[in-house]
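Q: Handing you this structure, nothing more for now.
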Amino acid sequence: MKKLYILSMFCCLFTISLWSQNSDTKKADKHFDRFEYVDAIDAYEKLIRKGKANSHVYKQLAIANYKTSNFEDSEKFYKRYLRNSRNASSEDYYNYAQTLLINQKTEDYKKAMLDFSEKAPSDSRAKAFLENPDYLEDLKSMTPRFQLNPLSLNSEYSDFGAYEHGGKLYFVSARNETRKTYGWNKQPTLDLFVADNVAGTFKNSKEIEGEINTKFHEGSVAITNDGSTIYFTRNDYVNGNYRKDDEGINHLKIYKATLVNGSFQDIQDLPFNDVSFSNANPALSPDESKLYFSSDRPGGYGASDLYVVQIEGDGSFGKPRNLGPTVNTERRESFPFIDQENTLYFSSDGHLGLGGLDVYYAKRDSGGFLPPQNLGSPLNSRSDDFAFTYNGSVEKGYVSSNRTEKKKGERIDNIYRANLIHPLEQTSLLVEVVDAKTDRFLENAQVIFYGEDQNEFSRSRTNDSGLSKNFLPTGQKFDLQVNMKDYQSQSISMRVPETQMLIKVALEPEVSQAEAEMLILQERIFFEYDDATIRPEAALELDKLISILKENPELNIKVISHTDERGSKAYNMELSQKRAENTVNYLVENGIDASRLTSEGKGKTEPVNNCDSGCSEEEHEENRRSEFKVVE
């Protein structure tokens, strides 16, 4: 039902194949043109059963099913239409791609987007997709920012557009069964409702008091801080006058009303409204000097764009200004909201998303807004997610979504409370894992990030390029641990930067027992003349030995120490034993059990270099050593 707010403003989104209409389709087309999509679907399907289907019928069925959120049938009929039509537009391919995305057919979606990109290479959506065709993996690897819970006030009808103000919750609903049924989806027309906060739960829902609700549609609101003025969406209807444009379409307008004795009265048509296009979804800036809204007015970038208009000190309005191509796309941007930090939130199906309308946020910049960021799952889903409002002081908000399917092919809008659990700002961290010996990429390595509380924050695996993409809260500290079978684990401490970062982790292969024994036999350390102290460079070599022994706890070793040939036999025997003891002590102090170690001093009885005819200082040093031997 939120499609109301996308109704008159988005007719251009699905162009109609007029050339293929005929007398057979007249009745169905009439329902379609009146936005009576349920009846239109029934009429077009009867034509198929009579063997009178053509590409026009298939396209109309694809559009009507999409608009009523029956995405499986929409996909089916788009496929038939594209197969039977030689005149399909680039937008037809984009719409087909969207049904595939919503229906979780990722590879088919990518192919359809490539077809769309080939037909519309200059389109911003095509450019964004081609820059990152695997963007869905990025979105799915994001750290969840919000925890969602459906509100108990949801009804069997469409409920959306929650806006909390003054301890009350204002929302839009089709629950008023006394209203006439709307042909779009056979639900009653929409009204504004308000619920009381009773011990933390919103209850006692009732229609908003005053002159706002009518027999036509009313929708999303913005209220001034003092509660005296409300801005709201409604069909172009005021003072009993229901207006249509030259094509017979009734558009949407933004109105304002004043609180008088507890009810909203004095409905005023805002000066930038027009009978020929729609304005909807009002949102106030924190200082109430600006009103943001969505519109399909001429001169925009897509089916609907976001605009802002200045509210002057005397209550008059300036000229609406488009927020520009950074925010707006060739598709739909709607439901803006501005928080206390002047961050813009809105819904779009033109930016890269998970499916349908997704919620995005854009930080304020000196010249406007920075590029929008998708808020990821679970706030967004493969269905329509929209009308997000947020209070940063209590870190909670509300989002509307038709993600819940009542039965096959039938979805309704529900309101969800969204509690912030991780910061909005996240940074992409690419972890590349390679073999330290060969620099070969390691696939399926385990990548784990631990928070400062030492609890696991996220876990992933590397792909066939040795990469794992992770999104972590910007500025926070984490410990990264990388594990891989047959390799030594590695840990790194880090603080998440503001910009994307590549972390390369080279894992050392684990060694077999035979390899460990060979490495031990190759190890030796050297000493200064007439000294048994472990030198710094010797300590580094012993640390390598310690790693081998820790990874091979079944190995026991014997330390054999030597001296050079200068000095007496007795003195050198004593010195070599001291060197052996110091070597053992270093190993024990660094975690090797003493029961695994034995030692022996050999004095000058087993030199590497015979110095009977004299030795250089380097040759003497080679004799002053500790060696290692694996023993039972």
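Q: Out of the strands (runs of 3 or more DSSP E) lying entirely within region 373-481, which hold 2 or more residues that are under 14 Å from the mean Cα position of the chain (by Cα) and farther than 20 Å from Val505 by Cβ?
A: Ranges flagged: none.
Q: Moving on. Could you tell me whether Ser595 is at pLDDT 90 or above, part of a helix (DSSP H, G or I), surrounded by fewer than 14 Cβ atoms within 10 Å (Cβ to Cβ) and out of contact with any helix residue (DSSP H, G or I) (no Cβ under 9 Å at 6 or more places or on another chain)?
A: Answer is yes for this residue.
Q: Whether any residue in region 430-453 is surrounded by 15 or more Cβ atoms within 10 Å (Cβ to Cβ), closer than 30 Å to Phe77 by Cβ and touching a strand residue (DSSP E or B) at 6+ places or on another chain (Cβ under 9 Å) is what I want to check.
A: Scanning region 430-453 turns up no residue that is surrounded by 15 or more Cβ atoms within 10 Å (Cβ to Cβ), closer than 30 Å to Phe77 by Cβ and touching a strand residue (DSSP E or B) at 6+ places or on another chain (Cβ under 9 Å).
Q: Hey, another quick one. Are there any pairs, at least 6 apart or on different chains, whose C-beta atoms fall under 6 Å, with the first in region 375-397 and assigned by TED's automatic domain parsing to the domain that holds Phe346 and free of Cβ contacts under 8 Å to residues at least 40 places away in the same chain and the second assigned to a loop (DSSP other than H, G, I, E, B) and of a type in the set (Ser, Thr, Tyr), and if so, which?
A: none
Q: May I pose another question? What are the pairs, 6+ residues apart or on separate chains, where a residue within region 266-290 that is without any contact (Cβ under 8 Å) to a residue 60 or more places away in the chain has its Cβ under 7 Å from a residue that is in a loop (DSSP other than H, G, I, E, B) and among the acidic types (Asp, Glu)?
A: Ile267/Glu211; Val275/Asp236; Val275/Asp245; Ser276/Asp245
Q: Name every residue in region 470-493 that is surrounded by 15 or more Cβ atoms within 10 Å (Cβ to Cβ) and either touching a Leu at 6+ places or on another chain (Cβ under 7 Å) or of a type in the set (A, V, I, L, M) (or both), in order of residue number.
A: Matches in region 470-493: Asn470, Leu472, Phe478, Leu480, Val482, Met484, Tyr487, Gln488, Gln490.
Q: Follow-up. Being touching a strand residue (DSSP E or B) at 6+ places or on another chain (Cβ under 9 Å), without any contact (Cβ under 8 Å) to a residue 24 or more places away in the chain, more than 29 Å from Thr229 (Cα to Cα) and not small (Gly, Ala, Ser), is that true of even one residue in region 149-160?
A: no
Q: How about region 203-269: which strands (runs of 3 or more DSSP E) wholly inside it have at least 1 residues that are touching a helix residue (DSSP H, G or I) at 6+ places or on another chain (Cβ under 7 Å)?
A: The qualifying strands (runs of 3 or more DSSP E) are 218-223, 229-235, 252-260.
Here's the yes/no breakdown for (1) touching a residue at least 60 places away in the same chain (Cβ under 8 Å); (2) surrounded by 19 or more Cβ atoms within 10 Å (Cβ to Cβ); (3) more than 21 Å from Ala97 (Cβ to Cβ); (4) of a type outside the set (D, E, K, R):
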| residue | (1), (2), (3), (4) |
| --- | --- |
| Ile41 | no, yes, yes, yes |
| Ile48 | no, no, yes, yes |
| Gly51 | no, no, yes, yes |
| Tyr58 | no, yes, no, yes |
| Ile63 | no, yes, no, yes |
| Asn70 | yes, yes, no, yes |
| Glu75 | no, yes, no, no |
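Q: Return yes when Ser347 is within 24 Å of Val399 (Cα to Cα), touching a residue at least 60 places away in the same chain (Cβ under 8 Å), assigned to a strand (DSSP E or B) and in the same structural domain as Gly392 (by TED's automatic domain parsing) and no when it is not.
A: Taking the combined requirement at face value, the residue does not satisfy it.
Q: Among (1) touching a helix residue (DSSP H, G or I) at 6+ places or on another chain (Cβ under 9 Å); (2) modelled with pLDDT of 95 or more, where does Pro150 come up short?
A: Only one criterion is unmet by Pro150, namely (1).
Q: Looking only at region 92-120, count every residue that is part of a loop (DSSP other than H, G, I, E, B) and surrounded by fewer than 18 Cβ atoms within 10 Å (Cβ to Cβ) and tell me the total.
A: The total comes to 3.
Q: Continuing with the same structure: Looking only at residues that are charged (D, E, K, R) and over 16 Å from Arg179 (Cβ atoms) in region 212-237, which one is surrounded by the fewest Cβ atoms within 10 Å (Cβ to Cβ)?
A: Asp226
Q: Pull up region 376-413, narrow it to residues that are of a type in the set (A, V, I, L, M, F, W, C) and in contact with a Ser or Thr (Cβ under 6 Å, 6 or more places away or on another chain), then point me to the one that is modelled with the lowest pLDDT.
A: Only one residue tops the list, namely Ile412.
Q: How about region 517-556: which of its residues are under 22 Å from Glu617 (Cβ atoms) and among the acidic types (Asp, Glu)?
A: Across region 517-556, the qualifying residues are Glu528, Asp530, Asp531, Glu537, Glu541.
Q: To continue, here is another question. Quick test of your reading of the structure: Ser89 fulfils all but one of (1) of a type in the set (Ser, Thr, Tyr); (2) buried (at least 16 other Cβ atoms within 10 Å of the Cβ); (3) touching a Ser or Thr at 6+ places or on another chain (Cβ under 9 Å). Name the failing condition by number.
A: Of the numbered conditions (1) of a type in the set (Ser, Thr, Tyr); (2) buried (at least 16 other Cβ atoms within 10 Å of the Cβ); (3) touching a Ser or Thr at 6+ places or on another chain (Cβ under 9 Å), the odd one out for Ser89 is (2).
Q: Looking at Glu618, Glu606, Glu574, Glu622 in this structure, which one is part of a helix (DSSP H, G or I) and either closer than 18 Å to Gln522 by Cα or in contact with a helix residue (DSSP H, G or I) (Cβ under 8 Å, 6 or more places away or on another chain) (or both)?
A: Only one candidate passes the filter, namely Glu622.
Q: Can you say whether Leu100 is within 21 Å of Glu405 (Cα to Cα) and at pLDDT 95 or above, as far as the supplied structure shows?
A: yes
Q: Would you point out which residue out of Thr178, Thr143 is polar (S, T, N, Q), surrounded by fewer than 21 Cβ atoms within 10 Å (Cβ to Cβ) and either in contact with a His (Cβ under 6 Å, 6 or more places away or on another chain) or under 30 Å from Asp339 (Cβ atoms) (or both)?
A: Just a single option satisfies the conditions, and that option is Thr143.
Q: Among the numbered conditions (1) over 17 Å from His165 (Cα atoms); (2) over 37 Å from the mean Cα position of the chain (by Cα), tell me where Ile254 comes up short.
A: Unmet condition: (2).
The values are calculated or read from the model by the stated rules, or taken from the named source; none is laboratory data. All figures in this text were calculated on a predicted structure; none of them were measured in a lab. Here the Cβ is made from the backbone with ideal geometry for all residues, glycine too, and neighbour counts use every protein chain on show.
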